[in-house]
Amino acid sequence: MKPILASLSALLLWFNASAQTNFHKMTIGGGLGITQSFADVAKHDFGLAGYGAFDYYFTPFLSLGIEGQMGEINGGDVYTDPHQRQFINSYKAINVNGKVYLGSFIDYQRSSFANAIKGLYAGTGVGVLMNKMRYVVRDKPDGSGYVFGGKDASKDLFFPLNLGITFNYMDRYGYAKYGLNINYQANVTVGEGLDGYENPPIKFGASYPDIYTYFSIGLKYHFGTVGLSSKTLY
């Protein structure tokens, strides 16, 4: 009887261990993407930007990280804008953000589709946007002598809203080692520095927060301290 009980105990321990997976708790990554402005000017133009990021994973599906961006946010057109405004913002931004992944909530081992989308995530955080106008129309070109108010350099608080997916690839030891990340980020600013203009809202219709979006594709590398997950990652 005792050998049978010992065998059953060993079998239960094996099943419990097999249902757990090790994972690296840190990632670094970077990539490129396209910004689009939604500011006080009429034309919501596009720009290019790059990013670098570091994330710490409490579980394979819950993370806290820091991200830096650098590039351009553009908008307006001196020829087509109703007020002849245009700007090119050579910006830098840094934010702290948290993300929660779909894999936290679903049993993704039941179907190949669920397993494929377990890396879907949403998240938010807070950051600082550092604006620097590489080009901005200050003197209205219609000959009226009107000067648009605003600053060529400023800092704004902003709140990033992230929606994306990460596809992780295992190494020969079964660890998630590399990842492909696709992310869409909407950034809501507190302030009027993004487009460089501070004008009367009644006259210019600037009554809503400045926003810029950032669609990016990047790569991740997993490293560092190893944690234990109650869910297998395959």
Would you calculate a helix-derived [θ] at 222 nm for the chain, using -39,500 (n - 2.57) for each DSSP H run of n ≥ 4 and dividing by the full residue count, to the nearest 500? -3000 deg cm²/dmol
How large is log10 I(q)/I(0) at q = 0.19, 0.34 Å⁻¹ when the Debye formula is applied to the Cα atoms of region 20-61, each weighted equally and without solvent? -0.70, -1.11
Overall Cα dimensions of region 86-234, principal axis frame, Å, largest first: 69, 27, 22
Calculate one ³J(HN,Hα) per residue across region 177-193 by plugging θ = phi - 60° into the Karplus curve 6.51 cos²θ - 1.76 cosθ + 1.60, and present them in order as whole Hz with x for glycine and proline. 10, 10, x, 9, 10, 10, 9, 10, 10, 9, 10, 9, 9, 10, x, 10, x
Tell me the angle of helix 2-18 to the major Cα principal axis of the chain, expressed in degrees between 0 and 90 and rounded to the nearest ten. 10 degrees
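Each value in this text was obtained by applying a stated rule to the coordinates, not by laboratory testing. Predicted model only: the values in this text are computed from it and were never measured.
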